[in-house]
Structures are given as structure tokens and as C-alpha cells.
Amino acid sequence: MVLTVAVAPAASACSCVGGTTQRFFADADAVFTGRLVSREEPATVTSSADPALHVFAVDTVYKGTVHQSQGVLSPVSGATCGLELTGDGPFVVFATRSADLGVGEFTRLAEDQYAAFLCGGTGPVTSEIEAELTTLTDVPDEPPAAPLPGAAGVEQSASSGSLPALAGIGAVVVLVVGTLLVLGRLRAGG
């Protein structure tokens, strides 16, 4: 008797259904414009949900607490709703304090970090988007705010590993050990 164990990686795909600047703004904890100064991936990528750290030089804050240099985490791949930004911008960033991909958190955010996703509205700045953002600010009659001095969330945290990947590795270990125990019992009994 031969026992075969096949393990498939967790399926994940990003499917965007569209949205409006007003909806993206309402769902975000922070909204700002800025230039992308760096994108750092983990040394070893084990999953498309591993976190990539995007650091932005912030120009204008439309909502929330944002620093001059602001870190934003996103899954490393667009297949898992990670940001797909080309060039250095400027970009409008719709950021949230939640790292939930809909099937669980892809990472833990540091206290001063945000997350942003492919389907969340983040993209190149246009004059139309800037005009919309100005009307959506907390105080529409006042100009948008400048970022706070300093940097926030610009370091990849030690807990930023891929939680789904670790769970998947643990499941594989359990399956292999279980298979070995079953095979050992079958051999001992036969």
C-alpha cells in the first residue's frame, strides 16, 4: 500500500471591483500624496503575501496622522493585492491600520505603520484626484495639511514575516509526520 500526500499552496488572487475616490477616502485611516523613495522586500520571499515596505516622502496629508517619511506595508505581489507602483510618483496613498486581506492578516503593523492594497485606490496623482481629495478633507475650507516632521514606520518589523506561510509550513510538517507514523504502523502490522 502506498500513501501519497499532495500539498498545494494556499490559493489567493486579487480581484478588484473598482471604486470611487470618495469610497477609498472613507475607508482609509490616512490619505496622502508623496514620492516613493524605497521599496524593501523580505530577504527571503516565501509567499506572495510576504510584506514589502514602501517608504514615501510625503508632500500633502488629506486625512490621518502621517509623517514626512512614512512607511506603508503591502503584500509583495499584486497577485495578493500588493501595491504595483511604477516609478517614484507622485502617488496618492489610501492607507489603513488594518493588514487584513479578507482571509486574515498578511503581517502585523508597527504602531506607526499603515498598509495599502492594490484595490484600495493608491496610484498616480492626477489633478482630478487632488481636486476630489481637497473637497473630501476633514475641513474642506482649509488647505490640506503638511506632514508631521520625522519618519514613521520606515523599518521592516521583526514580526513582519508571512503568517500564512508559517502556518502552511507547520501544516506540511504535521502532514509529513502523520504520514510517517501511518507508514510506520502499516509496516509494523504487515
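Each reported figure results from applying straightforward, stated rules to the coordinates on display, with no laboratory input. Fair warning: this is a prediction, and the values are worked out from it, not measured in the lab. Counting neighbours? That spans all protein chains shown, and the Cβs are built from the backbone with ideal geometry, glycine included.
Odds and ends about this structure:
- Segment R39..E105, full-extension length gain: 21.7 nm, with 0.36 nm per residue of separation and the alpha-carbon distance subtracted.
- Potential lengthening between E130 and A146 on full extension [0.36 nm per residue; Cα-Cα distance subtracted]: 4.3 nm
- A Förster distance of 25 Å, applied to the separation of the beta-carbon atoms of S15 and E155, puts the FRET efficiency at 0.20.
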